[in-house]
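Participant: Please find one structure pasted underneath; my questions will follow.
The values are calculated or read from the model by the stated rules, or taken from the named source; none is laboratory data. Remember, it's a predicted structure, so these values are computed and weren't measured experimentally. Here the Cβ is made from the backbone with ideal geometry for all residues, glycine too, and neighbour counts use every protein chain on show. Protein only, heavy atoms only, side chains kept; ligands, DNA and RNA dropped before computing areas. Shrake-Rupley method; radii C 1.70, N 1.55, O 1.52, S 1.80 Å.
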Amino acid sequence: MTITTDTQQLSVNNQPITPTDSLQYRAIGRLWGRYVPSNELIYKGQLITVDGVILNATLKKRASKVVQAQLDLSQNYLWTVYPKTLLETSGIGLDVSLISVRKPSEDTESVQTEFQSLADNFSVQGLVVYQDFNSGIVEVKIQQEPRSINDTPKNFKLRLIGFLPPNSVKCFWNFQVRRVGTDLVIQSGECIKYMGARQSKIEKLSTMPSSNTHEQAEVNPT
């Protein structure tokens, strides 16, 4: 059984980013858009997607080197990103860290089209810590890898839009997610393991959105 949502058809032909480990915490995706740095700092700016959504963006070291090597910032590119969600009065906001960029170089038009088809898909895997059956908000805890053996692991919560089965809290889930505007909308998911006192069977996500459905990750370092 699989999830059915109004936006599921958007990702039928897209190739998902898949985790390498069944219990690997991750939140990573791809976006197609144009990076506009701020006037003061090149590594702080905005990513403008092809559908006109403006996201606050931070350039990580690898992407920053490519941008500073005379990347034409008037063009759209395929970016690999770490997402962060923010609770705002108007809904859920989305910030991204740009970790790498696919330079088009001499790619053909068909290859460029293929790159665009990969955009807006995210792989999210983590512990569900909250679910709201009325608004369809799901919070997933993502634990970050420590940068050194002496560092304490950090975590953050990623807000997704979707409806899970009852008792999904304290379960480790793998999600395929689609960006719609500034929302990250669950397209499909699988419960990998119950992380509480008892062991549960692996189950597929099988839900239908309610009538008030909100239209609808390697770990993101700080």
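Participant: Looking only at the stretch 52-78, filter to residues that are among the hydrophobic types (A, V, I, L, M, F, W, C) and outside any strand (DSSP E or B); which one of those is surrounded by the fewest Cβ atoms within 10 Å (Cβ to Cβ)?
Facilitator: Once the filter is applied, the top-ranked residue is Ala69.
Participant: Looking only at the stretch 103-122, decide whether some residue is among the hydrophobic types (A, V, I, L, M, F, W, C) and under 26 Å from Met195 (Cβ atoms).
Facilitator: Yes, the stretch 103-122 contains a residue that is among the hydrophobic types (A, V, I, L, M, F, W, C) and under 26 Å from Met195 (Cβ atoms).
Participant: Here's something else I'd like to know. Yes or no: the stretch 103-112 includes at least one residue that is open to solvent by less than 30 Å² (accessible area, probe 1.4 Å) and either among the hydrophobic types (A, V, I, L, M, F, W, C) or in a helix (DSSP H, G or I) (or both).
Facilitator: Checked against the condition, which is being open to solvent by less than 30 Å² (accessible area, probe 1.4 Å) and either among the hydrophobic types (A, V, I, L, M, F, W, C) or in a helix (DSSP H, G or I) (or both), the stretch 103-112 yields no hits at all.
Participant: Consider the stretch 20-51. How many of its residues are of a type in the set (Val, Ile, Thr), in a loop (DSSP other than H, G, I, E, B) and farther than 20 Å from Cys191 by Cβ?
Facilitator: Matching residues across the stretch 20-51 total 2.
Participant: Checking Ser148 against (1) of a type in the set (Ser, Thr, Tyr); (2) buried (at least 19 other Cβ atoms within 10 Å of the Cβ); (3) modelled with pLDDT under 90, which single condition isn't satisfied?
Facilitator: With respect to (1) of a type in the set (Ser, Thr, Tyr); (2) buried (at least 19 other Cβ atoms within 10 Å of the Cβ); (3) modelled with pLDDT under 90, Ser148 is out only on (2).
Participant: Could you run through the stretch 170-222 and say how many residues are modelled with pLDDT of 90 or more, under 30 Å from Asn56 (Cα atoms) and part of a loop (DSSP other than H, G, I, E, B)?
Facilitator: Total meeting the criteria: 2.
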